[in-house]
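Data first, discussion second: the structure below is written as structure tokens.
The values are calculated or read from the model by the stated rules, or taken from the named source; none is laboratory data. A quick note: this is a predicted structure, and the numbers were derived from the prediction, not measured. Every residue, glycine as well, gets a Cβ built from its backbone with ideal geometry; the counts of neighbours run over all protein chains shown. Only protein heavy atoms, including side chains, enter the accessible area calculation; ligands, DNA and RNA are left aside. Shrake-Rupley method; radii C 1.70, N 1.55, O 1.52, S 1.80 Å.
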Amino acid sequence: MYNLIEEKIGFSLDGYLVLVIGAIAIYALVLISASPLWLGVILAIVLPGFFMIQPNEAKALILFGSYVGTVEKNGLRWTVPFFMRKRVSKRIRNFESSKLKVNDEHGNPIEIAAVVVWRVQNSADALFSVDNYESYVAIQSEAALRNLATSFPYDLHEGDTIALRSHPTEVSAKLVDELKSRLLQAGVEVQEARISHLAYAPEIASAMLQRQQASAVIAARQKIVEGAVGMVELAIKKLSDDEIIELDDERKAAMVSNLLVVLCGENNAQPVINSGSLYT
């Protein structure tokens, strides 16, 4: 179980208001001819407390090693000068992994890479739960991608339900879920994760390409045969219904054979005139 740190609002005041109050205090001391020592004390207390926060930025406040809160209000701010301030960007960032060479579920070597869109959600966890949250995101993203690649096949085969190449939406959802669980401890929110590169490893790429081509040819042939059988069936039924010619079983077999050759052949059929009888 992760020991998460709760992010809380740190103490800070509007910097411009503090500037006005400080100027009034200095002016009052000048009017009463106060010692320059007092002016130096006021400046030494007030000036170190000023800091600037840009949009989508936060600063964690630390007092003697203890986390005391986070300030996220934009603009010039002022806080207790003894507070140490650490900057954390809460802007959306992209991380693109390197091309990883792993084995898919069937043991085929593949190359895979992914793009992860993330942002810091909890500045306290990002700073104090992990040593370096940017490095943590990079390493855990690649580890999650490796685990994903070994959990699914590259292509769909008999018995498979999800494949890396044919189900990008489902695979991306799985990757996002795993990244969220891994990066929770670092206070990081994962907004999107998608595979940016997917290919067979070079040593088996040509063999897998031939396999894909063979699968495509078989699928096309199956479609052609189904269509040809339907056309033959329709032709025989039409001839019988219109009583154009009466065919016995042997003539039907010859007709079916000829039509299948014409319809399923890769080359154009060459007509042959038969001047004799089918039975001679």
Just to be sure I understand, how many residues within segment 130-173 are touching a Phe, Trp or Tyr at 6+ places or on another chain (Cβ under 9 Å), buried (at least 18 other Cβ atoms within 10 Å of the Cβ) and assigned to a helix (DSSP H, G or I)?
3
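Looking at Arg119, Arg146, which is the one that is in contact with a Lys or Arg (Cβ under 7 Å, 6 or more places away or on another chain), closer than 19 Å to Glu178 by Cβ and not β-branched (Val, Ile, Thr)? It would help to see each step written out before you state the result.
Numbers: Arg146 fails: in contact with a Lys or Arg (Cβ under 7 Å, 6 or more places away or on another chain).
Just one listed residue meets the conditions, Arg119.
Given the options Leu47, Leu43, Leu100, Leu61, name the one that is within 30 Å of Val171 (Cα to Cα) and without any contact (Cβ under 8 Å) to a residue 60 or more places away in the chain.
So the residue among Leu47, Leu43, Leu100, Leu61 that is within 30 Å of Val171 (Cα to Cα) and without any contact (Cβ under 8 Å) to a residue 60 or more places away in the chain is Leu100.
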Filtering strands (runs of 3 or more DSSP E) wholly in segment 1-118 for at least 1 residues that are among the charged types (D, E, K, R) gives 57-63, 75-78, 84-89, 93-96, 100-103
Which condition number does Leu47 fail, the rest of (1) among the aliphatic types (A, V, I, L, M); (2) closer than 19 Å to Asp14 by Cβ; (3) touching a strand residue (DSSP E or B) at 6+ places or on another chain (Cβ under 9 Å); (4) surrounded by fewer than 18 Cβ atoms within 10 Å (Cβ to Cβ) being met?
(3)
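Here's the yes/no breakdown for (1) at pLDDT 70 or above; (2) open to solvent by 90 Å² or more (accessible area, probe 1.4 Å):
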site: Ile195; (1), (2): yes, no
site: Pro202; (1), (2): yes, yes
site: Gln212; (1), (2): no, no
site: Ser215; (1), (2): no, no
site: Ile224; (1), (2): yes, no
